[in-house]
Amino acid sequence: MSNDFNRNRPLSPRHRVNAGTDALVEHNPPIQYVAVEPPPAATGPGLGDALRLLWRRRWLLVLATTAGGAVAYGVTSSMPSLYAGEARVLIGLQGPRVMNAESVITDVSPDAERVQNESIILQSRTIAKQVVEELHLAGNPAFNPELAKPTFWSNFSLQRLDELMPTWLREMILAYAPTSPAVVPPTEAQRTQALVDLLLTKIDVAALGRSHVLSIKAEARDPALAAAIANSFAEKYLEFQRQEKLRTMDRVDGFLMKRVRDLREQVRRSDQAVEDYRRANGLYKSGGNSVTTQQLSELNTQLMVAQTAKAEADARLAEAQSLRQGHQSAETVPEVLRSPLVAALKQQQADAERRAAMASALHGAQHPEYRRVQAEAGAIGAMVTAEVAKVVDGLARDARTADARYNSLLQQFDQLKAKMGSVNSASIQLEALERDAAVNRNLLEAVLSRAKQTTASADILEANAKLISAAVPATAPSFPPKALFVALGSLASLLSGAAAALMLETGNRTFRRPEEVEATTGVPVLSMVPEVRRRTVTQKVVHEPTSPYSEALRRLFIGIELADPAIAPKRILFSSAVPAEGKSVMATSLARLLATSGKKVLIIDCDWRSARIQTLMRCANGPGLGELLSNEEVVLNDCIHRDSLSQCDIITAGSWSLDNSHLLHSDRMAQLLDLLSASYDAIVLDCPPVLVTADALALSRIADKVVYVVRWGHTRTETATEGLKQFIDAQAPVAGIAVSRVVVKEYRRYGHHDLSYTRAPVATFG
């Protein structure tokens, strides 16, 4: 090439220098693109995008799910297994009705409130303490921590640590450590109380639905022990009911015995009064033959009978009132219990309630059969209540009738006694005393008979509940539910992995799809250049001209040509926002590709701060562009090197200093490019990153097209848009964006096709 560049060669009409400045005016009208704005805030992916995103991160999800399931399985496997034992008790059974015991003990049908009360009784501390004593839980290591096997950490006690301490450290700790009160060992009562508290935490009592069946569940590490605890609670509850009835019977028996003792004393005193009166008045038998005497005798007999009847009626009424004042049901009144109609109705009611309980247990409380039987029981109960009220009212009427008859006879007796005068006053008084004694004896016999009946019924008292299902040792643990825990752990890990995948994707502010680049920048994507992991990547276009990498560079050049069909681009400038974007490798590869296709190509290294072309092309660094611009004695041909592999010409960066750095965007640089454009089909300019120096912006004014390089999955969107905005603000002829180092495998994960096309013929550029 001639050395015309060293002479005062006039500037091309396409290049002018403004007065007083070295800034060059663009010789071509700029291509108008949409102004680059910061990317809008992410609104979150849609459902389809989210599913595709999760599919791209499927290995993360699989790993997270597997790890979560494994951890959950390991945790549950290390946890102690607990076994559950369940016993079921039916409450509200009607007790046997023998003789007159119902006057003392009452069987009441259960309701919701009583079921709740019975469940509370079952979980009482009294019953729990009995279970602790019966099963000897104080000697079970599962309930007594003092008997548990020592662990490594328990063996590594503070005493052992104290032995390992140096003497000076032990003394310092003792000098400054606060004194703690001496530990008092727990008493036996406190140990028992702690066992009871622990046992109550292992017990759960609840009603099964709306039935009268109580479920007693116990948990323990030993399945046999869990079943034994549940059965023991049920047995102790039934025994508690029996003992409670016996205690009630004892109280009633004590009341009757005291009543017998009082009546016996009254009989003794009345008999003694009769005997004393006879002795005092010399009366050993009643006499008198007059009509008045006979009437008085007959009336006295009737009065005695009426008095006895009145006393019995008052006693029955008083007993009924005493029972009702003691908050016992009126159904316990002996006359009520002796009523055949009440007994029949009670039997019918009991049968109806048993059928209702069975219907509830079998069908539930909402079943029509249960409602029908329950209504039948309620109707019979109402009849029982009405009949009981009649009987109680009859006692009051009988008492009033007996009292009225007694008063009437007494009035008649008083009238006859007045007629008798003082003659028979002694006899009459004696008869009154004898009558009182007889009444007392009759009352004593009645109370003794009732006491005997009560004592006899104590031997057959049974609890109003029954164990219908005893607990058996479980074959599988109830806790922990390994399958559930593993499923929950896997699900939680899956959700966490999905959240992490979404965060990774949404938080990844880099370009991965060409539509993302175009939507964010408003500039078209010229080509997606795949990554080649080898140091000889620039040689690949020569050795493998049909590779996906070569095809992507051909697509890039065609995109540059199509960016402005009116102008055949010769001076192609490559730049990026920041270093390490792959612009130098892409520029070198494109130059070699064009050279192998028959074009006369020159590549110029304009990045003197980080020159790489001589390394990629394996040529000497000088003389180069620095010497050519700064020294007029340097011959152009001496600065042009030839690539032996592709026959591409090279101008390396050469030697530069801060004093001549301005020459890169001077008139001399413009003249050099004008001169070279006449001899080459394409001139590739490798320029520094636009956000690092202003050299790229200055050179873009004398370039035909600017290729803005963005690294796939690496360059942040904010960085890319900021650098591109500077080019557009400078009215640089940006042809488009080239995405470099595309990882093909990951690129396909984003729903795109493979970048390879092996059957394509070798393309040439004419």
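I'd like to know if the stretch 515-534 contains one or more residues that are within 22 Å of Q614 (Cα to Cα), assigned by TED's automatic domain parsing to the domain that holds D704, modelled with pLDDT under 85 and surrounded by fewer than 22 Cβ atoms within 10 Å (Cβ to Cβ). Yes, the stretch 515-534 contains a residue that is within 22 Å of Q614 (Cα to Cα), assigned by TED's automatic domain parsing to the domain that holds D704, modelled with pLDDT under 85 and surrounded by fewer than 22 Cβ atoms within 10 Å (Cβ to Cβ). Just to be sure I understand, how many residues within the stretch 240-259 are touching a Leu at 6+ places or on another chain (Cβ under 6 Å) and loosely packed, with under 15 Cβ neighbours inside 10 Å? So the count comes out to 0. Filtered by the rule that a residue be touching a residue at least 40 places away in the same chain (Cβ under 8 Å), surrounded by 15 or more Cβ atoms within 10 Å (Cβ to Cβ) and under 18 Å from L664 (Cα atoms), the stretch 612-633 gives R612, I613, L628, L629.
Residue-level check: of (1) more than 25 Å from E722 (Cα to Cα); (2) at pLDDT 90 or above; (3) surrounded by fewer than 19 Cβ atoms within 10 Å (Cβ to Cβ), P579 misses just (1). The requirement of being buried (at least 18 other Cβ atoms within 10 Å of the Cβ), outside any helix (DSSP H, G or I) and at pLDDT 75 or above is not satisfied by K236. Per the conditions (1) modelled with pLDDT of 85 or more; (2) more than 26 Å from I468 (Cβ to Cβ), the sole criterion not satisfied by Q190 is (1). Among the helices (runs of 4 or more DSSP H) confined to the stretch 506-571, the ones with at least 2 residues that are free of Cβ contacts under 8 Å to residues at least 24 places away in the same chain and not charged (D, E, K, R) are located at 548-563.
The single residue among Y680, Y708 that is in contact with a Ser or Thr (Cβ under 8 Å, 6 or more places away or on another chain), under 27 Å from T596 (Cβ atoms), at pLDDT 90 or above and in the same structural domain as I613 (by TED's automatic domain parsing) turns out to be Y708.
Every condition in (1) within 19 Å of I91 (Cβ to Cβ); (2) in a loop (DSSP other than H, G, I, E, B) is met by Q366 except one, and the failing one is (1). Please tell me if D649 is among the acidic types (D, E) and within 30 Å of V541 (Cα to Cα). It is true that D649 is among the acidic types (D, E) and within 30 Å of V541 (Cα to Cα). Of all the criteria given as (1) out of contact with any Gly (no Cβ under 8 Å at 6 or more places or on another chain); (2) at pLDDT 80 or above, the one not satisfied by T65 is (1).
The values are calculated or read from the model by the stated rules, or taken from the named source; none is laboratory data. Predicted model, so just to flag it, every value in this text is computed and none were measured. So basically every Cβ, Gly included, is an ideal-geometry build from the backbone, and we count neighbours across all protein chains shown.
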